[in-house]
Amino acid sequence: MRQGGFTRGSSAIVGAATFGIGKCPGVSAVDMAAQAALLALADADIGLGEVDALYTSAPYEALGGMELAEYLGIAPKVTDCNRTGGSAFEVYAQQAAIALEAGLIDCALIAYGSNPASNPPPGVGMTRQSPWEAPYRPLAPLSSYALAASRHMHLYGTTRAQLAEVAVAARKWAQLNPEAAVRDPLTIEDVLGARMVSDPLGARDCCLFNDGAAAVVMVRSDRARDCAKAPVHILGAAHAVTHREISSMPDLTVTGAAISGPAAFAQAGVTPDQIDLAMLYDAFTITPILFLEDLGFCPKGEGGRFVSDGRIAPGGSLAVNTNGGGLSCVHPGMYGLFLLVEATRQLRGEAGERQISGARLAVAHGNGGVLSSEATVILGRDW
Amino acid sequence: MTPFLQPEAEWRAHLAEGRFMLQRSRATGGHVFYPRIAEPGTGAQDLEWVEASGDGTIHAVTVVRKKDPADSYNVVLVELAEGPRLMSRVDGIAADEVRIGMAVSARIVEEDGKPLLVFVPA
């Protein structure tokens, strides 16, 4: 049996694009997803007619898979619009890798667009508030992450200044990325002095809520050789769901990344110390700290110390979230696809001023819900 | 045929009568909260209602900050003596002074015309 459901490196990302990062007024979410999709197909030099699998997660349309298929005028053999929040796109990379190798499909398109900043969402979303939590008025989803952060600080002595290091590192990377939405200087003192929202998380500990679209195209590795750019291979992928609401999280300081991470690394046959780039979903400053621990970059409880003294900023010991992350580049509600695009750009050597020299291996780790759904993808060049 | 358990409705009916109830599996002895039709993990459906001790410990805490500090409020996760964890609020103490590890006791208060489970320092 194949470990993880597909053979290491049997498929690859051959096209990647972003569109409309920051402000994208006057259009709908599906317009944006379609534009990113066409840009990614052009990047791969693949025609729309070749796409036979479509994976999306529409922000306000529960039946968004069908919506995007109709919009693009294609009849995919596989269509998905799953409900694992921001982690959906890492799950799609895994599902596409399996379906490609199985011969079910030949060309997978993963696309997403959302413009909540320009086109504020309607009052009623696609999720309901839990009747067991709503009466206590937690800010959704911020207070849930704040509760997890409080527990981590209590058990491991993690400090607000260490959380602030994550925001400052993201901003320093964003300053090297012309596409990042927020690029003005940010210091530890700025983060600590920002308005407190839900202790211990202040306004600068929270991701952006802006517009953006992204897409990637995946094919089998034999087909990938004929594409326009160097293929970025999927070496391993795994997914774990542990709960829906924070009150049911089995352990507030250990996420499902402790399951998905080791499984994805084992399938890829690599270890965290070999990774050149870690793209870790940063909805809040606590999340990269948890994922660094759970993915095995440092022991449990050491994440705060690991990120200190600029260690994940430009020039640090591990490059994390080089696009500026959800904290400083883009976060239109579900950010996971942007992780895969940035990993692809870095592994191709297309990242300009922020390029990590000789980058060959990356991990993209997506998070959904309130630390509820965790999906890890290991990507490699010249694997 | 035994009428199908109505987990949330039955729990709220107990609460309205002043009782904080948990479910417990007869076979495994495990306590369940929030109420459901089977014990998570085992699928055991032999659940019975038992009164909670009301004892718990603060497991995690946040304070939701409002423009007027008087309007700020705490949101906590309480670990019950019986094992399950739940979201609640600690009354009878300044929002800022709730600490992880504090012993707390359950109280049923009325809020917006409905009974609500909260905790106070033990």
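Here, each number is a calculation from the coordinates, and none is a lab measurement. Please read these numbers as outputs of a predicted model, since none were measured by experiment. Here the Cβ positions follow ideal geometry from the backbone for every residue, glycine too, while neighbour counts run over all protein chains shown.
Structure values in brief
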| quantity | calculated |
| --- | --- |
| Within region B:33-92: Cβ-based charge dipole about Cα centre, in debye rounded to nearest 20 (Lys, Arg +1; Asp, Glu -1) | 500 |
| Nearest 10 degrees, 0 to 90: helix B:7-16 Cα axis against chain B principal axis | 60 |
| Pairwise label distance in nanometres, A:Ser308 with A:Leu48, each label 7 Å out on the Cα-Cβ vector | 5.4 |
| Within region B:53-122: Cβ-based charge dipole about Cα centre, in debye rounded to nearest 20 (Lys, Arg +1; Asp, Glu -1) | 200 |
| Alpha-carbon Debye profile of chain A, log10 I(q)/I(0) at 0.08, 0.15 Å⁻¹ | -0.35, -1.36 |
| Per-bin percent of Cα-Cα distances, region B:53-122 [10 Å] | 22, 52, 24, 2 |
| Lysines whose Cα lies under 24 Å from that of A:Lys77, excluding same-chain neighbours fewer than 8 positions away | none |
| Farthest positive-ward along region B:36-122 dipole, Cα basis, beta-carbon charges - from B:Ile93, B:Val78, B:Leu116 | B:Ile93 |
| 10 Å Cβ neighbours from other chains, averaged over peptide B:73-79 | 5 |
| Average Cα contact separation per residue, region B:1-52, under 8 Å, 6 or more apart, as relative contact order % | 35 |
| GNM top mover of A:Asn119, A:Asn323, A:Asn177 - chain A, alpha-carbon springs below 10 Å | A:Asn119 |
| GNM flexibility winner over chain A from A:Leu109, A:Leu235, A:Leu72 (Cα, springs under 10 Å) | A:Leu72 |
| Net charge, A:Ala34 excluded, C-beta distance under 12 Å - Lys, Arg +1, Asp, Glu -1 | -3 |
| GNM result for chain B, Cα springs below 10 Å: residue of B:Arg65, B:Arg24, B:Arg36 fluctuating most strongly | B:Arg65 |
| Residue mean of other protein chain beta carbons inside 10 Å, A:130-139 | 6 |
| Linear extension gain, A:Lys300 paired with A:Thr271, 0.36 nm per residue minus alpha-carbon span | 8.8 nm |
| Of the DSSP H helices in chain A, those whose Cα atoms cover at least 15 Å axially and whose Kyte score averages 0.5 or more | A:29-44, A:88-102, A:257-268, A:336-348 |
| FRET E, pair B:Ala103, A:Arg137, Förster distance 25 Å, beta-carbon r, rounded to 0.05 | 0.55 |
| Chymotrypsin sites (Phe, Trp or Tyr not before Pro) restricted to DSSP loop in region B:1-46 with at most 15 other C-beta within 10 Å | B:Phe4 |
| Total charge dipole magnitude, region A:99-209, about the Cα centre, Cβ charges on Lys, Arg, Asp, Glu only, Debye to nearest 20 | 360 |
| Selection of GluC sites (Glu not before Pro), region A:300-383, meeting DSSP coil and at most 16 other Cβ within 10 Å | A:Glu302, A:Glu350 |
| Reachable aspartates and glutamates from B:Lys67, criterion Cα separation under 18 angstrom, eight or more residues apart if same chain | A:Asp199, B:Asp96 |
| Unit charges at the beta carbon, dipole of chain A: most positive-side option, A:Val197, A:Asn115, A:Gly47 | A:Val197 |
| Residue-averaged [θ]222 nm for chain B, counting only DSSP H segments that reach four residues, each worth -39500 (n - 2.57) | -2500 deg cm²/dmol |
| Ranked by how many other beta carbons lie within 10 Å on average, peptides A:208-215, A:264-271 from highest | A:208-215, A:264-271 |
| Positive-end extreme of charge dipole, chain A - chosen from A:Trp132, A:Ala375, A:Pro76 (charges on Cβ) | A:Trp132 |
